[in-house]
Amino acid sequence: MHIYVVRHGESVDDLSDSYGGAANFPLTDHGRDQAKATATRLKDANIAAIYSSPLARASESASIIAAELGNPPLEIINDLRERNTYGVLSGHTPARAEELFGYILSELPYKPGQWPHAMPGGEEFGPFVERVRGAFNEVVRKATSAGYETVAIVTHGKFTLGLFTAVLGLADQYQKDHGSINVVDYQPPKLVG
């Protein structure tokens, strides 16, 4: 099975320099153009189905891609959503976060989002990796059950990071940019011997 892992296009939080994470920001016009460009690059891939995060920036990207590819089935899978790294900071700019939570930020030995530990109210790295693993396995199960040979997943930056580094063990071997496409050639494990 070929699994195309796609990062959503640019979203409003990227322009406002807000902490994204669990916040539900839509795409920008440029992000919509990136999704169309991604679809163009996928035209000859014979995508049989698309699985997407429920967050607006991913689901809107997935809808644009699906429309450009002739509307293959599109299914939302909740666990494909972005990591809630920022917790209570989600949706705020750094300046507003400092205003609201300066007492928390002043005690941190790291920049929010740059450490395996989540901000208060966020999702810790270990459980996040297990969610990523489970979501990937769910896509594989659904696609296998439907007999699909080629599918796409539309998700987020930190989800892609978790998938390629912690689950697949392919650190620094994947594309990270908005609208990027990474291909996983998946073969079910089997006992030989």
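FYI, it's all coordinate maths here, none of it is from the lab. Computed from a predicted model, the values in this text were never measured in an experiment. Cβ coordinates were reconstructed from backbone atoms using ideal geometry, including for glycine residues, and neighbour counts include every protein chain displayed.
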So is Arg83 buried (at least 18 other Cβ atoms within 10 Å of the Cβ), of a type in the set (Lys, Arg) and part of a loop (DSSP other than H, G, I, E, B) or not? yes
So which residues in the range 86-119 are of a type in the set (S, T, N, Q), closer than 26 Å to Gly134 by Cα and surrounded by fewer than 18 Cβ atoms within 10 Å (Cβ to Cβ), if there are any at all? Gln114
Which listed residue, of Val132, Val140, is within 14 Å of the chain's Cα centre (by Cα) and under 18 Å from Leu163 (Cα atoms): Val132
Single residue of the range 170-193 satisfying the filter (of a type in the set (D, E, K, R) and without any contact (Cβ under 8 Å) to a residue 12 or more places away in the chain) that is farthest from Ile65 (Cα to Cα): Lys190
I'd like to verify a number: residues in the range 25-45 that are over 15 Å from Arg7 (Cα atoms) and not basic (Lys, Arg), how many? 3
Enumerate the pairs (first residue in the range 117-131 and more than 9 Å from Thr85 (Cα to Cα); second residue anywhere and among the basic types (Lys, Arg)) with beta-carbon separation below 8 Å, excluding pairs fewer than 6 apart on the same chain, so at least 6 apart or on different chains. Phe128/Arg83; Phe128/Lys158
